[in-house]
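Taking it in order: structure first as structure tokens, then the write-up.
Laboratory data are not the source of any read-out in this text; all were calculated from the coordinates shown. Because the structure is predicted, anything quoted here is derived from the model rather than measured. When we count neighbours, we look across all protein chains shown, and the Cβ atoms used for this are built from the backbone with ideal geometry, even at glycine.
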Amino acid sequence: MNTRKRKIIEASLQLFIEKGFHHTSVQDIIEHSNISKGTFYNYFASKNECFLAILEQLRYTAQLQRYELLTNRDEQDIHVLIEQIIIPMKLHEEQNLMTLFEGIFQSSDLELKKGLRQHRFHEIKWLTERFINVFGEEIRPYAFECALIFFGITHYLGMAWRGAYHVPADLHQLVQKGLEYVQALLPTMQQNNDVLITIDALQRIQKKTEQPVITKECVIEQLTGFVKQLETKTNASGHELVTFLIEELTQPSWRKHVIKATLQSFRTAFKNTTHEAEAIELSYKIAFLLK
């Protein structure tokens, strides 16, 4: 994704938060981004499509941070799980995104609602698999329902806290409490084989959900386009790292440990630059391929 498209996404997000999605027009975005109307429609068919791109970028950022958090740590450690769950919550809280999301859910725009549902489904699916990692393969039949219960508990506890005290709840405390309730329920669910929504439901929903396809060929093509945007003189190390990743990914047999070790340096090389967002997206996609 090129720099201009990123600029439109960032400007749109800022306006959506400040003015609200429905009070922001395409013309507002055009003026705030300092681009022409033709340029906007060259990248996005509508304001809705721009918002869906924002959701995708948020997912890439959160999942990459979760992946990096596991480096040299035990994936079965529940404290690691807590930190991972908190990551997107912090992103939403820091950018005041919950107000934006709630406004969209209260609207009659079916396309946006579908996009948000898919965004939340990705979170539930991720947590389902992490519950199995942490609590063991034997809880697989109950993992999806446990993930749903967890998000229901934390959502309403957080909402009640804000309503009562007019400040957000402590995220670590909120997540820890939600996990305590899930852990208390699990033995009874297993003992009685008592589950309302089985793991099969997850698979049924997944079939109806649009999943972005990430392939080696697509990632190499994006990396190749990315490196062409770079000026070697201003970021020689970044240029070198991108070239190295392309070379590694084109090999018949991947040195996964080498690629994984390179990703952190790759992301750092573009921190606080106009290429940072795409570096995050590419890092996530490469990490996904390594799994």
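Using θ = phi - 60° and the Karplus relation 6.51 cos²θ - 1.76 cosθ + 1.60, list the HN-Hα couplings for the range 159-174 in order, rounded to whole Hz, with x at every Gly or Pro.
5, 5, 4, 4, x, 7, 10, 6, 9, x, 5, 5, 5, 4, 5, 4
Is the C-alpha gyration tensor of the range 165-291 telling us rounded, prolate or oblate? Criteria: a/c under 1.5 is rounded; beyond that, a/b larger than b/c is prolate, otherwise oblate. Numbers along the way, then the final one.
On the way: a/c = 2.80, a/b = 1.86, b/c = 1.51.
The shape class here is prolate.
Among Pro88, Pro168, Pro141, which one shows the biggest mean-square fluctuation in a GNM of the chain, springs joining Cα atoms closer than 10 Å?
With Cα springs under 10 Å in the chain, the top fluctuation among Pro88, Pro168, Pro141 is at Pro168.
Under 1.5 on a/c is rounded, so check that first for the range 1-44, then, if it is not, pick prolate when a/b is larger than b/c and oblate when it is not; a ≥ b ≥ c are the square roots of the alpha carbon gyration tensor eigenvalues.
Numbers: a/c = 2.13, a/b = 1.51, b/c = 1.42.
Note, shape of the range 1-44 comes out prolate.
Which lysines have a Cα less than 18 Å from the Cα of Lys114, not counting those fewer than 8 places away in the same chain?
Correct list for Lys114: Lys47, Lys125, Lys207, Lys208.
To make sure I understand, if each residue's beta carbon is the centre and we count other beta carbons within 10 Å, what order do His79, His166 fall in, fewest to most?
Numbers: His79 11, His166 7.
By the 10 Å Cβ count, ascending, the order reads His166, His79.
If you take the square roots of the eigenvalues of the alpha-carbon gyration tensor of the range 216-290 and sort them as a ≥ b ≥ c, do you get rounded (a/c under 1.5), prolate (a/b over b/c) or oblate? Working shown, then result.
Numbers: a/c = 1.61, a/b = 1.51, b/c = 1.07.
Prolate, because a/c is 1.5 or more and a/b exceeds b/c.
Report ³J(HN,Hα) in whole Hz for each residue of the range 271-282, in order, from the Karplus equation J = 6.51 cos²θ - 1.76 cosθ + 1.60 where θ = phi - 60°; Gly and Pro get x.
Computed from phi, the couplings for the range 271-282 are 4, 6, 10, 5, 9, 4, 4, 6, 4, 5, 4, 5 Hz.
Show which lysines lie in cross-link reach of Lys285 when reach means a straight Cα distance below 16 angstrom and same-chain residues fewer than eight apart are skipped.
Output for Lys285: Lys216, Lys256, Lys260.
Note down the relative contact order for the range 1-44 as a percent, whole number, built from C-alpha pairs under 8 angstrom at least six residues apart. Please list the in-between numbers first.
Working: 21 pairs, mean separation 16.1, N = 44.
Relative contact order for the range 1-44 comes out at 37 percent.
From Cα pairs below 8 angstrom and at least 6 apart in sequence, can you work out the relative contact order of the range 1-108, rounded to a whole percent?
Details: 60 pairs, mean separation 31.0, N = 108.
For the range 1-108, the relative contact order is 29 percent.
Report which label in (i) 65; (ii) 55; (iii) 59 holds the value of percent of Cα pairs over 24 Å apart derived from the coordinates of this structure.
Identified label for the calculated read-out: (iii).
In deg cm²/dmol, rounded to 500, what helix-only [θ] at 222 nm does the chain give when every DSSP H run of at least 4 residues adds -39500 (n - 2.57) and the total is split over its residues?
Working: 14 runs with 222 residues, N = 291.
Theoretical 222 nm ellipticity from helices: -25500 deg cm²/dmol.
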